[in-house]
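Since every read-out is calculated from the coordinates, none of them should be taken as a lab result. Not measured: the values here are computed from a predicted model. Cβ atoms come from the backbone with ideal geometry, glycine included; neighbour counts cover every protein chain shown.
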Amino acid sequence: MEKGVTNLNRFLIEEQRAFPEATGDFTMLIESIAFASKIISREVNKAGIVNIIGKAQSVNVHGEEQQKLDVYADKKMIEAMDHLGKLCAMASEENDEVIQVPKEYPKGKYLAVFDPLDGSSNIDVNISIGTIFGIYKRQDGDTGTPCCKDFMQPGRKMVAAGYVIYGSSTMMVYSAGNGVHGFTLDPSIGEYILSHPNMKIPECGKIYSINEANYHHWDEPTRKFVEHIKNNTERTYTARYIGSLVADFHRNLLKGGVFLYPGDEKNKRGKLRLLYECAPLAYIIENAGGRATNGAQDILDIVPDTLHQKEPLIIGSKYEVETYLKYQRGELK
Ligand code: AFP
């Protein structure tokens, strides 16, 4: 390997060595997700030139039309992990029910949750999209065929989470609770190379990201917070909203700022799913020094009731998220 270059494999091995009790199971899982993401990245990149863009003839559990690439990405994530003997089950945004490990493979102690291709309505307009994932351990004492109940754990119990952004380059960002680390895919060698070690979000940001078309449907504290941001004389903010969560999140993580998808009159619990989107990104942001809330509770403290539960998400730099909470609590008016 080139001097000074750390690839994902080397990084994982060195992390594993730092924890003598680690079995390597976890390393294998992250590597398998990385493998799936390389295949997804290849397909996303060639989406414009092959006739893969378009709707598959199926509708997912949320009543949304699935795009072909969603179906493909979902399959690749499952195939990359189902045979390892490290997982006891998976849950994906694209599947109604818990995904069981096929009978022919041994089961392990981990549970994986993922949104295989978030922001899929952006695929055919060439906007960055992403894969989001989280890994939990099955609770002690839980035996038998894994079911929804196994996944009803607060995000704080996650052992790792991350995302892959398919953008101008493909990047994988993950945390196992020991810093947030970003790896850029070098397509010439097909390897993820450590490019962003120990990522930290700035304490205060300059970016706010929210779909302002929903302004009249927001609650009063959210409207007031956004007015505060716009009229702030001490700090100047700029609005940036792509409408592709991983892309909005990644930019704000690097530059500082806040992303909001609050509940509103139409969608009381917002639009984003707790297990597949909110919790993994909340895990990343807390490990990078930021905060994530639904307006009343830290995202990582919420115990889901259902697999596909939605939750309002306010996530980003501490200062902006805490200012939002002050409006929600009535401390700022
Ligand atoms: P799609 O998968 O339908 O593109 O939705 C993307 C998404 O779930 C998330 O990635 C965005 O942050 C959010 O929806 C954007 O929602 P609005 O279009 O309502 O702003």
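The conditions are (1) within 16 Å of the chain's Cα centre (by Cα); (2) surrounded by 22 or more Cβ atoms within 10 Å (Cβ to Cβ); (3) within 13 Å of the ligand (Cβ to nearest atom), and residue 275 fails exactly one of them. Which is it? If we test residue 275 against (1) within 16 Å of the chain's Cα centre (by Cα); (2) surrounded by 22 or more Cβ atoms within 10 Å (Cβ to Cβ); (3) within 13 Å of the ligand (Cβ to nearest atom), just (3) comes out false.
Applying the criterion of being touching a residue at least 24 places away in the same chain (Cβ under 8 Å) and either over 21 Å from residue 148 (Cβ atoms) or of a type in the set (Phe, Trp, Tyr) (or both) to the residues of the stretch 76-115, the residue that is nearest to the ligand (Cβ to nearest atom) is 114.
Just for the stretch 124-142: of the residues that are loosely packed, with under 15 Cβ neighbours inside 10 Å and within 16 Å of the ligand (Cβ to nearest atom), which one is nearest to residue 31 (Cα to Cα)? Let's see the steps before the verdict.
If we filter the stretch 124-142 for residues that are loosely packed, with under 15 Cβ neighbours inside 10 Å, which is where we start, we get 124-126, 139-142.
So of that shortlist, the ones also within 16 Å of the ligand (Cβ to nearest atom) come out as 124-126.
On the way: 124: 29, 125: 30, 126: 27 Å.
By that ranking, first place goes to 126.
Here residue 221 fulfils each of the conditions (1) in a helix (DSSP H, G or I); (2) of a type outside the set (S, T, N, Q); (3) within 16 Å of the ligand (Cβ to nearest atom); (4) crowded, with 16+ Cβ neighbours inside 10 Å apart from (3). Taking the conditions exactly as written (small (Gly, Ala, Ser) and within 16 Å of the ligand (Cβ to nearest atom)), does residue 290 satisfy them or not? Judged against the criteria, residue 290 is not a match.
Being part of a loop (DSSP other than H, G, I, E, B) and over 22 Å from residue 157 (Cα atoms), is that true of even one residue in the stretch 270-292? Lay out the reasoning, then the answer.
Here is the first cut: in the stretch 270-292, the ones part of a loop (DSSP other than H, G, I, E, B) are 270-272, 288-290.
Narrowing further to those that are over 22 Å from residue 157 (Cα atoms): 270-271.
So far as the stretch 270-292 goes, yes, one or more of its residues are part of a loop (DSSP other than H, G, I, E, B) and over 22 Å from residue 157 (Cα atoms).
Pull up the stretch 226-263, narrow it to residues that are part of a helix (DSSP H, G or I) and away from the ligand (no atom under 16 Å from the Cβ), then point me to the one that is farthest from residue 215 (Cα to Cα). Here the residue is 254. With respect to the conditions (1) more than 13 Å from the ligand (Cβ to nearest atom); (2) assigned to a helix (DSSP H, G or I); (3) closer than 30 Å to residue 139 by Cβ, residue 178 falls short on a single one, namely (2). I need every pair where a residue in the stretch 276-290 that is under 15 Å from residue 202 (Cβ atoms) has its Cβ under 8 Å from the Cβ of a residue that is more than 14 Å from the ligand (Cβ to nearest atom) and of a type in the set (Asp, Glu), sequence separation at least 6 or different chains. Close Cβ pairs (under 8 Å, with a partner that is more than 14 Å from the ligand (Cβ to nearest atom) and of a type in the set (Asp, Glu)) amount to 289/203.
Against the list (1) within 16 Å of the ligand (Cβ to nearest atom); (2) out of contact with any helix residue (DSSP H, G or I) (no Cβ under 7 Å at 6 or more places or on another chain); (3) without any contact (Cβ under 8 Å) to a residue 12 or more places away in the chain; (4) not hydrophobic (A, V, I, L, M, F, W, C), the condition residue 186 fails is (1).
To keep it simple, each residue is scored yes or no on (1) basic (Lys, Arg); (2) within 16 Å of the ligand (Cβ to nearest atom); (3) assigned to a strand (DSSP E or B).
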{"position": "117", "(1), (2), (3)": "no, yes, yes"}
{"position": "122", "(1), (2), (3)": "no, yes, no"}
{"position": "144", "(1), (2), (3)": "no, no, no"}
{"position": "156", "(1), (2), (3)": "yes, no, no"}
{"position": "182", "(1), (2), (3)": "no, no, yes"}
{"position": "203", "(1), (2), (3)": "no, no, no"}
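Residues in the stretch 293-333 that are acidic (Asp, Glu) and either in contact with a Lys or Arg (Cβ under 7 Å, 6 or more places away or on another chain) or assigned to a helix (DSSP H, G or I) (or both): 301, 311, 320, 322.
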